[in-house]
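*Asks:* Handing you a structure now.
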Amino acid sequence: MKDKKDAPDSSTKSIRVMEFTTETAVKFHEDIWQLFEDDPETDITIYIDSDGGDIGALRSMLDSMDSVRQFAHENFKFITVVTGVAASSACDLLANGDLRRAVPNATILVHQSSASMCGEQCRQHHVDDILIFAEAMRKENDLLAELFVKKTNFKNVAELKAFMPRDRYLTAQEAKKLGIIDEIGYTNFITDEFKPSKAKKRKAKT
């Protein structure tokens with residue numbers, strides 16, 4: 001039986017994602033299914049504050065969300081909220097929400113997936129293995145890029161890749177213009193209530 005202290009917060013229908021590892025992907029899958037089974041009528045909020053991590057973990061989390069969607073009612077939503085940083089894999093998870101939000105001072109980082117084979121590890125691999133690895137990374141990039149394009153305002157993969165040949169750091173406002181998020185504001189982490197941020201009025205000069 002799952003330890004009570006490790007269970008998701010069923011009172012607010014929310015979970016938090018801070019790392020992308022095999023272990024956190026498994027817990028993510030268990031948590032969203034537990035929340036869904038406990039109350040299929042209520043949306044699930046996913047709070048994100050992460051520098052990213054393992055691409056395999058990301059894909060597992062995306063599949064977990066899609067599996068719940070297959071059994072959910074038509075109006076069910078995953079609400080993703082970046083509360084600090086959503087970088088790399090975290091940005092992809094953020095964009096995969098049905099309703100995407102960010103706090104006003106959030107930072108969103110988009111870039112192509114990367115990995116390295118270097119040093120002693122590189123010397124232990126045959127050149128053909130390195131080429132196979134590079135081709136696998138290219139396919140991984142293309143797959144994630146296609147998923148990202150479907151969720152954002154980019155017209156196609158070519159446009160997305162042209163936008164992010166290297167790291168691109170975005171403000172919440174910039175991410176909204178690109179369709180990565182839908183709303184900017186503040187969320188009550190106790191109740192999951194959301195309030196849009198209001199533009200600050202400039203004080204008149206005297």
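*Asks:* Which residues' amide hydrogens lie under 5 Å from the amide hydrogen of Thr45, considering only partners 5 or more residues apart or on another chain, with H built in the peptide plane?
*Replies:* Ser14, Ile15, Ile79
*Asks:* Just to confirm a number: summing +1 for Lys and Arg and -1 for Asp and Glu over residues other than Leu147 whose beta-carbon lies under 12 angstrom from that of Leu147, what do you get? Walk me through the intermediate numbers first.
*Replies:* Numbers: positive: Arg59, Lys150, Lys151; negative: Asp63, Asp66, Asp92, Glu140, Asp142, Glu146.
So the environment of Leu147 carries a net charge of -3.
*Asks:* Moving to a separate point now. Between Asp66 and Glu30, what length in nm is gained on full extension when 0.36 nm per residue of separation is reduced by their alpha carbon distance?
*Replies:* Separation in residues times 0.36 nm, less the Cα-Cα distance, equals 11.6 nm.
*Asks:* Past the 21 Å Cα-Cα mark, which pairs from Lys27/Lys177; Lys13/Lys195; Lys77/Lys151?
*Replies:* Lys27/Lys177
*Asks:* Now for a different question. Between Lys150 and Asp182, 0.36 nm times their residue separation minus their Cα-Cα distance comes to what?
*Replies:* 10.1 nm
*Asks:* What list of ³J(HN,Hα) values in whole Hz, one per residue of the stretch 33-49 in order, does the Karplus curve 6.51 cos²θ - 1.76 cosθ + 1.60 (θ = phi - 60°) give from phi, with Gly and Pro shown as x?
*Replies:* Residue by residue, the stretch 33-49 yields 6, 5, 5, 5, 5, 5, 7, x, 8, 9, 4, 10, 9, 10, 8, 10, 8 Hz.
Where a number appears in this text, it was derived from the coordinates with a stated rule and is not lab data. Computed from a predicted model, the values in this text were never measured in an experiment. Positions of Cβ are backbone-derived with ideal geometry, glycine not excepted, and every protein chain shown enters the neighbour counts.
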